[in-house]
Amino acid sequence: MALEISQLDFSELAEAKKLIKKVFMTFEAPDYSDEGVTHFLTYLDEELEKEISANQVQVWCGKYDQQIVGILAVRLPAHIALLFVDEAYHRQGIAKRMYQAMISELSPERMTVNSSPYAVPAYEKLGFQLNGEEETVSGIRFQPMVFIREEG
């Protein structure tokens, strides 16, 4: 069973949002205040679709047997907005494969992310470094991180 990485088709958005919500509630929500959980879910339900439609956000997905098991959304030009992998598929390189597909398509010199506390080690494996202190905005806890492409 091979992992397929592709751009998200707009018709798959509902399935993608369901995965994001499930993973968020399991791994992120426990670290957030009620305000933070509400803020994130409101973004997911009301803003994400608008950003995709306006070409402000591009989304890659990882699939097994046509089922979405991972999502990577980038707010253009180079900020990771969402990165979620189904719990059953953690530590299988899915985030890395989606990230590599995105990097090869967008070729950013520099990429930023506001990582959840839970995801910091995963981003460090992708080559990101801490970029300032952990912050909380609208109840969302995050660690600013940056990736700078090596000259080579």
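Here the condition is being buried (at least 17 other Cβ atoms within 10 Å of the Cβ) and out of contact with any strand residue (DSSP E or B) (no Cβ under 6 Å at 6 or more places or on another chain); of Glu105, Glu28, Glu51, it holds for Glu28 alone. Remark: pairs (first residue in region 1-18, on the phi < 0 side of the Ramachandran plot and free of Cβ contacts under 8 Å to residues at least 60 places away in the same chain; second residue surrounded by fewer than 15 Cβ atoms within 10 Å (Cβ to Cβ) and in a strand (DSSP E or B); Cβ separation under 9 Å; 6+ apart in sequence or on different chains) = Glu15/Gln67. Residue count for region 129-140 satisfying the condition of being surrounded by 13 or more Cβ atoms within 10 Å (Cβ to Cβ) and under 24 Å from Met102 (Cβ atoms): 3.
Go through region 99-151 residue by residue and tally those that are in a helix (DSSP H, G or I) and either closer than 21 Å to Asp31 by Cβ or over 15 Å from the mean Cα position of the chain (by Cα) (or both).
12
Of all the numbered requirements in (1) modelled with pLDDT of 95 or more; (2) under 20 Å from Ile140 (Cα atoms); (3) surrounded by 20 or more Cβ atoms within 10 Å (Cβ to Cβ), His79 misses one, and that requirement is (3).
The values are calculated or read from the model by the stated rules, or taken from the named source; none is laboratory data. Everything numeric here is computed off the predicted structure, so don't read it as measured data. In this analysis, Cβ positions are derived from the backbone assuming ideal geometry, glycine residues included, and neighbour counts consider all displayed protein chains.
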